[in-house]
Number of protein chains: 2
Amino acid sequence: MRKLKVEPLTREAFAPFGDVIEASDDAEKHTINYGNTTRFHDLATINVTADGAKAGISIFRSAPLPMPIMIEVMEYHPKSSQAFVPLSARSYLVVVAPKGPFEARGMRAFLASGDQGVNYHAGTWHHFSLALEDISDFLVIDRIADDDNCVEYHLKASEQVTLEI
Amino acid sequence: MRKLKVEPLTREAFAPFGDVIEASDDAEKHTINYGNTTRFHDLATINVTADGAKAGISIFRSAPLPMPIMIEVMEYHPKSSQAFVPLSARSYLVVVAPKGPFEARGMRAFLASGDQGVNYHAGTWHHFSLALEDISDFLVIDRIADDDNCVEYHLKASEQVTLEI
């Protein structure tokens, strides 16, 4: 089985797939609250209200998968972005592939630190939350509606990969 | 100066002011991701797109105020909710007052734990981020627009309080 090398998560490397949500020096910054707060402003392109849906905040509590982690299924949300921000201050993995027909050779894997969130743009293929080490909570900002907004793809055996951290 | 007693933050006590964002057993829960994730679903009433604005995700990095904390200024956002979720896993303080003309006697103070966020409903008077112990990061979900959406009130000396933790 092919091994997919895990890369560090940077804004540049992740740009084709979405936003990295972090308090970086590259962000637009404002000093507010009488000097007591720095606002790292507007860190993600949120797109969650198509077809009259509402923006929602949820918490995902995810268990780590057994090692080595094998990628067998990917998904995307055609109508909306979906942001994940770690609340447990632990590293986690992010696996994505470009929009469009699923291409196994286009998969990329990133190691996010405990102070980096990600926002998948609408249509970006991604694996579900990949917690590491222990059960971990993520704040999720996504689209709340009753219609169908998740497309899954089950990888053929020849397309599956294990992650090489 | 009057002392305002700090109460524990609970969903019931905070309901007149907004939502408590936490992975509580009272939340609507869904098991997803092939059994690996529990989704604590739709934990806050988000209202951030009035007048064509967009939903945004920002990070606030706030320094603690000197003790004892004195409440001298309050604010509200007429057009939108504003959610704060702690990323530093540290307790913090939340000070609010009911919507409408500011009434100092209506102020309430709550101690939020490091795994509790709050979402202020539009119009709820609140103090800015009150980090405790150390500089702390909060994920903020609010309204991004160029128009004016913040009303401040500077408390008269006779209205000011110190917080009694």
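One table, with the values for the structure above:
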{"item": "Only one of B:LYS99, B:LYS5, B:LYS79 that is touching a His at 6+ places or on another chain (Cβ under 9 Å) and at pLDDT 95 or above", "result": "B:LYS99"}
{"item": "Selection within the stretch A:78-111 - surrounded by fewer than 17 Cβ atoms within 10 Å (Cβ to Cβ) and of a type in the set (D, E, K, R)", "result": "A:LYS99, A:GLU103, A:ARG105"}
{"item": "A:LYS99, sole failed condition from (1) within 17 Å of A:PHE128 (Cα to Cα); (2) within 14 Å of chain B (Cβ to nearest Cβ); (3) free of Cβ contacts under 8 Å to residues at least 60 places away in the same chain", "result": "(2)"}
{"item": "Selection count where residues are over 25 Å from A:ILE165 (Cβ atoms), outside any helix (DSSP H, G or I) and not basic (Lys, Arg), scope the stretch A:1-34", "result": "7"}
{"item": "Test: residue in the stretch A:138-147 that is buried (at least 16 other Cβ atoms within 10 Å of the Cβ), assigned to a strand (DSSP E or B) and among the small types (Gly, Ala, Ser)", "result": "no"}
{"item": "Count - residues of the stretch B:29-50 that are among the hydroxyl-bearing types (Ser, Thr, Tyr), surrounded by fewer than 18 Cβ atoms within 10 Å (Cβ to Cβ) and at the interface with chain A (Cβ under 9 Å from one of its Cβ atoms)", "result": "2"}
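Residue by residue, here is whether (1) in contact with a Ser or Thr (Cβ under 7 Å, 6 or more places away or on another chain); (2) within 25 Å of A:PHE102 (Cβ to Cβ); (3) away from chain B (no Cβ under 12 Å) holds:
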site: A:MET1; (1), (2), (3): yes, yes, yes
site: A:LYS5; (1), (2), (3): no, yes, yes
site: A:GLU12; (1), (2), (3): no, yes, yes
site: A:ALA55; (1), (2), (3): yes, no, no
site: A:MET70; (1), (2), (3): yes, yes, yes
site: A:TYR76; (1), (2), (3): yes, yes, yes
site: A:SER88; (1), (2), (3): yes, no, no
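The values are calculated or read from the model by the stated rules, or taken from the named source; none is laboratory data. From a predicted model like this one, the values you see are computed outputs, not experimental measurements. Heads up, the Cβs are rebuilt from the backbone with ideal geometry, glycines too, and the neighbour counts pull from every protein chain shown.
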